[in-house]
Amino acid sequence: MDALTTLTSRTVVLPIRDIDTDQIIPARFLTTTSREGLGAALFHDLRFDQHGAEREDFPLNDPDARDCRILVAGNNFGCGSSREHAPWALLDYGFRAVISTEFADIFQNNAFKNGLLPIIVDVDTHNWLLAHPGVELRVDVEAAQLELPDGGSVEYPIDAFARYCLTQGIDQLGYLQKHSDAISSYEETHACGG
Amino acid sequence: MAAARTLLDKVWADHVVVPETAAAPAVLYIDLHLIHEVTTPQAFALLRERGIAVRRPDLTLATMDHSTPTTPVSSFRDLAVVGESAANQIRQMEENCREFGIELYGFDSEHRGIVHVIGPELGASQPGKTIVCGDSHTSTHGAFGALAFGIGTTEVGHVLATQCLLQRKPKSLAVNVSGRLPDGVTAKDLILAIIGEIGVDGGTGHVIEYRGEAIRALDMEARMTICNMSIEAGARAGLIGPDDTTLEYLAGRPRVPQGADWDAAAERWLGLRSDDDAEFDRSVSIDAAKQQPMVTFGTNPGMVIGVNELVPDLDDPTFRKAMDYMKITPGKPMSANAVDVVFVGSCTNGRLSDLQQAADILNGHKVADGVRMLVVPGSQQVKLRAEELGLHRIFAAAGAEWRESGCSMCLGMNGDTVASGQLSVSTSNRNFEGRQGVGARTILASPATAAASAVLGHVADPRTLN
Ligand code: SF4
């Protein structure tokens, strides 16, 4: 996983609540056995019409939005399925952070594990961001701060361990494996599985 | 005296390998890892890359359900119907299980089926266990008093390699359901009403424990329907305290303890129930007696109304987007909508009692002209039992299709899809845009409501057909 310490980008805004993982990446793209190249399927049925042409009114299709690394979305982003293909697709497309007022639990977990930063902001900040697409933001991951264009900044909540892994590019499997002695002694003293 | 504890507290405490601190989550032991073909290939690839073995193949249960055909498969040639990349995924699953020594309930097994249907059927889903799967509807197994939740593919890799997960303890939400459900109102209607009440993010960060007289009165299959859809309220998991109904269901199943071990397990399991004075972080109360058959009208399970109520009208971009997609008129009753497809199946409503409910409505009736009805059993065992009871003949006589088990039209990965623009009444759990196929418009309902809608050709109250 690539470490993420700071991020500066303009935003692209999807002002819709409850964007589910089926919208982020439809199920028919899940027959892959790889995690590469899923950006092409990101928001597929919102981005393209049934003939495969880009829908002009979809925010990601705005030529000015192409190189944005920060997505601002409505409340409860990523609800639905546990498919990790959702953060894989967002990352492959080029996003490194998503801002909302709330994230679905499994999506948030999956995002952190892949170096995609979910940023939870208060309703006022959120409303301002929704109303101002394309503004440039700076994220200081270590300080858990979102710096706004007016020079102000807001702190966002983030799990200490998730932040540590993100800023150091830590692989959590390696971390878990270090506990193998504790796992073995747990297995010796418990009827695991029974 | 020890402090009163919830079921969640007890199961959690039993599985902590390393306690959580402010700086790091707990290392939590996993008793049962369910795996399927869609969310595992990348995890096995990582194990292979790093030369890591599967730590506990004996605690791993594998099947194929998501991208599998619902037409008979006797050789790999029969996989052609699902397309090359899905067929490849299925072949890879067989290979991965062989290489890593995991028992696979594959096409040759009479125990194959949707992962959340076969776990309970085999008696592998037991009270007090921690159960995970790369699938959000793992919450289903919570009906047994197991802490069961969905994980992503990276975490699937963690469990394969270490049999553990890094987790912080979720909060608890009690949903107290008093009274009894009226006749003709099912568990599906109740859980849709609960989601409508607390919202699709109402359970975020929480594990829901369903409690109260109405829950106690439900059989295990109905309880699974309830816990299954906990994730649609955003909850990590759903739980129901083990009781005599739980024990009756599990007794004698292949994977449960037998003899004296059974007696000991049963006693331990009953002790897992939340203590009487245990405190929950939040609680909500619902009156079962006031419930009615429910149908969704929008593009998430929280957009739900009574089958005879009028579709609301809201001035809000998310609501407008949903209505544009669904082509449903606000202010009108749902019965104004003609139906093209009816799907009975999925891990929510693909068990024997669900098929029985649909058959009871269909018996002596025909599926309306122009409506396609697909009945897909949740597992091969469900299929077998349904055929023993002659349900397949009722479906056939009514003009419905009877298939092999699998996820099928719940997510349309195997070629069973709803065509663009068509309206589907489905007993599955998600009415998201495109869930059943590009442009498919999905209405979620109970098996009885789905069957009644098939007969009448429009969204219908099943109580009018009895
Ligand atoms: S039936 Fe549907 S919800 Fe259940 S596991 Fe299969 S795809 Fe997921």
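The values are calculated or read from the model by the stated rules, or taken from the named source; none is laboratory data. A quick note: this is a predicted structure, and the numbers were derived from the prediction, not measured. Every residue, glycine as well, gets a Cβ built from its backbone with ideal geometry; the counts of neighbours run over all protein chains shown. Quick note on the areas: whole protein, heavy atoms, side chains included, nothing else; ligands and nucleic acids left out. Shrake-Rupley method; radii C 1.70, N 1.55, O 1.52, S 1.80 Å.
Across the stretch A:82-114, the number of residues qualifying as surrounded by fewer than 22 Cβ atoms within 10 Å (Cβ to Cβ) and in contact with a Cys (Cβ under 9 Å, 6 or more places away or on another chain) comes to 1. Against the condition open to solvent by less than 10 Å² (accessible area, probe 1.4 Å) and either modelled with pLDDT under 95 or in the same structural domain as residue B:63 (by TED's automatic domain parsing) (or both), how does residue B:145 come out, does it pass? Yes.
Selection over the stretch B:156-200 of residues that are among the charged types (D, E, K, R) and buried (at least 23 other Cβ atoms within 10 Å of the Cβ) gives a count of 2.
Against the numbered list (1) over 22 Å from residue B:137 (Cβ atoms); (2) without any contact (Cβ under 8 Å) to a residue 60 or more places away in the chain; (3) surrounded by 17 or more Cβ atoms within 10 Å (Cβ to Cβ), residue A:129 comes up short only at (2).
Scan the stretch B:229-276 for residues that are within 13 Å of chain A (Cβ to nearest Cβ) and on the phi > 0 side of the Ramachandran plot and the total you get is 1. Just so you know, in the stretch B:311-322 the residues that are open to solvent by less than 10 Å² (accessible area, probe 1.4 Å) and more than 23 Å from residue B:463 (Cα to Cα) include one that is nearest to the ligand (Cβ to nearest atom), and it is B:322.
Of everything in the stretch B:411-440 that's aliphatic (A, V, I, L, M) and part of a loop (DSSP other than H, G, I, E, B), which residue is nearest to the ligand (Cβ to nearest atom)? The qualifying residue nearest to the ligand (Cβ to nearest atom) is B:411.
Residues in the stretch B:58-74 that are among the charged types (D, E, K, R) and open to solvent by less than 10 Å² (accessible area, probe 1.4 Å): B:65 alone.
Only one of the numbered conditions (1) modelled with pLDDT of 95 or more; (2) surrounded by 22 or more Cβ atoms within 10 Å (Cβ to Cβ); (3) on the phi < 0 side of the Ramachandran plot; (4) within 16 Å of the ligand (Cβ to nearest atom) is not met by residue B:408, and that is (3).
In the condition set (1) within 16 Å of the ligand (Cβ to nearest atom); (2) touching a helix residue (DSSP H, G or I) at 6+ places or on another chain (Cβ under 6 Å), residue B:82 is compliant with all but (2). Selection over the stretch B:230-245 of residues that are crowded, with 24+ Cβ neighbours inside 10 Å and either under 20 Å from residue B:169 (Cβ atoms) or basic (Lys, Arg) (or both) gives a count of 10. Looking at B:284, B:256, B:207, just one residue is hydrophobic (A, V, I, L, M, F, W, C), more than 27 Å from residue A:191 (Cα to Cα) and not assigned by TED's automatic domain parsing to the domain that holds residue B:410, and that residue is B:284. Note on the stretch B:456-466: residues that are among the aliphatic types (A, V, I, L, M) and crowded, with 24+ Cβ neighbours inside 10 Å total 2.
Residue-by-condition table, conditions (1) free of Cβ contacts under 8 Å to residues at least 60 places away in the same chain; (2) in a helix (DSSP H, G or I); (3) more than 24 Å from residue B:417 (Cα to Cα):
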position	(1), (2), (3)
A:11	no, no, yes
A:16	yes, no, yes
A:28	yes, yes, no
A:31	yes, no, no
A:35	yes, no, yes
A:40	yes, yes, no
A:51	yes, no, no
A:60	yes, yes, yes
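Residues satisfying the criterion are absent from the stretch B:195-202 (criterion: within 14 Å of chain A (Cβ to nearest Cβ), away from the ligand (no atom under 16 Å from the Cβ) and assigned to a strand (DSSP E or B)). Residue check: is residue B:365 away from the ligand (no atom under 16 Å from the Cβ), away from every other protein chain (no Cβ under 14 Å), assigned to a helix (DSSP H, G or I) and of a type outside the set (Lys, Arg)? No. Counting only strands (runs of 3 or more DSSP E) wholly contained in the stretch A:94-154, the ones carrying 3 or more residues that are away from every other protein chain (no Cβ under 14 Å) occupy A:97-100, A:136-140, A:145-147.
All conditions but one from (1) charged (D, E, K, R); (2) more than 16 Å from the ligand (Cβ to nearest atom); (3) in contact with a strand residue (DSSP E or B) (Cβ under 8 Å, 6 or more places away or on another chain) apply to residue B:99; the one that does not is (3).
Based on what the data block shows, is residue B:367 assigned by TED's automatic domain parsing to the domain that holds residue B:427, touching a Ser or Thr at 6+ places or on another chain (Cβ under 8 Å) and modelled with pLDDT of 95 or more? Taking the combined requirement at face value, the residue does not satisfy it. All conditions but one from (1) under 26 Å from residue B:242 (Cα atoms); (2) surrounded by fewer than 21 Cβ atoms within 10 Å (Cβ to Cβ) apply to residue B:50; the one that does not is (1). For the stretch B:27-47, the candidate set comprises residues that are at the interface with chain A (Cβ under 8 Å from one of its Cβ atoms), in contact (Cβ under 8 Å) with a residue 24 or more places away in the chain and not charged (D, E, K, R); within that set, the residue that is most open to solvent (accessible area, probe 1.4 Å) is B:46.
Among the residues of the stretch B:378-405, those identified as within 16 Å of the ligand (Cβ to nearest atom) and more than 26 Å from residue A:30 (Cα to Cα) are B:381, B:382, B:383.
Restricted to the stretch B:53-155, the set of strands (runs of 3 or more DSSP E) holding at least 3 residues that are within 22 Å of residue B:411 (Cβ to Cβ) and within 13 Å of chain A (Cβ to nearest Cβ) comprises B:130-133, B:147-150. The residues of the stretch B:125-136 that are open to solvent by less than 10 Å² (accessible area, probe 1.4 Å) and within 16 Å of the ligand (Cβ to nearest atom), listed by number, are B:125, B:131, B:132, B:133, B:134, B:136. What about residue B:339, is it modelled with pLDDT of 95 or more, open to solvent by less than 30 Å² (accessible area, probe 1.4 Å) and away from the ligand (no atom under 16 Å from the Cβ)? Yes.
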